[in-house]
Amino acid sequence: MASNPLMLVLKRCLLLVAITAVISAEGHGLSSASAKIEVRPSRLVELSVQFDFIKLLNHGANAYPLAVVASLPEQKFALLYKEVIKLFDNELKVMVGNKAVVLNKRYPTEQQMLSLLKGQLVDAQFSSQGSMPYTYSDRRFFQVLSFDFKLITAQQLSDMQVTFPKELGDIYITYSKSKSSNLHPGESWQPN
């Protein structure tokens, strides 16, 4: 009796899932999504969102193992990439008062995202999780999406609200207002 091709594909996927479960142990660092909001003295607001692509894909009842996603042909990965970009385009909202802000978006390309996932897979397969430094182990394979916009007045900062896609789960947010200064040759810098 000839084997059903669909059953062969399913068996291979299950084998990949089993292998991935063994090799995808988490490290000790921060594993939730994070956002960094920085306000420059010129009122330029820079927002970067860092997240684990696989955790984002698996936010619900879905099961997309790293080994399967990182091994997808570029054309198939492009479908996932487009959905993630659409999620951020539709769900990441910045409001000043009751007005939506138009964001300048700087997304990595499909190839950049896929390349990072492939690196994550290779690292998961060939490195010893226990030998990596605490602060480096988890987040180096997180995807980073960047946005910016300019506030018209400094007062608008107190009216700013950012809403993130709920699919990201918990988000660790860092907010800072930078202070810039010029340093001339031979001078020392000190915080004020």
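The values are calculated or read from the model by the stated rules, or taken from the named source; none is laboratory data. Computed from a prediction, not measured in an experiment: that's the story for all the values here. No Cβ is skipped: glycine too gets one built from the backbone with ideal geometry, and neighbour counts run over all protein chains shown. Ligands, DNA and RNA are stripped out before the accessible areas are found, and what is left, the full protein with its side chains, is counted by its heavy atoms. Shrake-Rupley method; radii C 1.70, N 1.55, O 1.52, S 1.80 Å.
From the list A35, A70, A78, exactly one residue is touching a Gly at 6+ places or on another chain (Cβ under 9 Å) and open to solvent by less than 80 Å² (accessible area, probe 1.4 Å). Which is it? Write out each step before concluding.
Working: A35 fails: touching a Gly at 6+ places or on another chain (Cβ under 9 Å); A78 fails: touching a Gly at 6+ places or on another chain (Cβ under 9 Å).
Just a single option satisfies the conditions, and that option is A70.
Picking from I19, I23, which residue would you name as being open to solvent by less than 40 Å² (accessible area, probe 1.4 Å), modelled with pLDDT under 95 and over 24 Å from S146 (Cβ atoms)? It would help to see each step written out before you state the result.
Working: I19 fails: open to solvent by less than 40 Å² (accessible area, probe 1.4 Å).
Every option except I23 fails the conditions.
Enumerate the pairs (first residue in region 176-192 and modelled with pLDDT of 80 or more; second residue anywhere and among the aliphatic types (A, V, I, L, M) and not in a loop (DSSP other than H, G, I, E, B)) with beta-carbon separation below 8 Å, excluding pairs fewer than 6 apart on the same chain, so at least 6 apart or on different chains.
Sorted first by the residue in region 176-192, then by its partner, the pairs are S176/I37; S176/V39; K177/V39; S178/V39.
Tell me the strands (runs of 3 or more DSSP E) entirely within region 39-150 that contain at least 1 residues that are within 18 Å of I171 (Cβ to Cβ) and aliphatic (A, V, I, L, M).
Numbers: elements: 44-51, 93-96, 104-106, 143-150.
Correct list: 44-51, 93-96, 143-150.
Go through (1) open to solvent by less than 70 Å² (accessible area, probe 1.4 Å); (2) modelled with pLDDT under 90; (3) farther than 24 Å from V101 by Cβ one by one and return the number of the condition T153 breaks.
(3)
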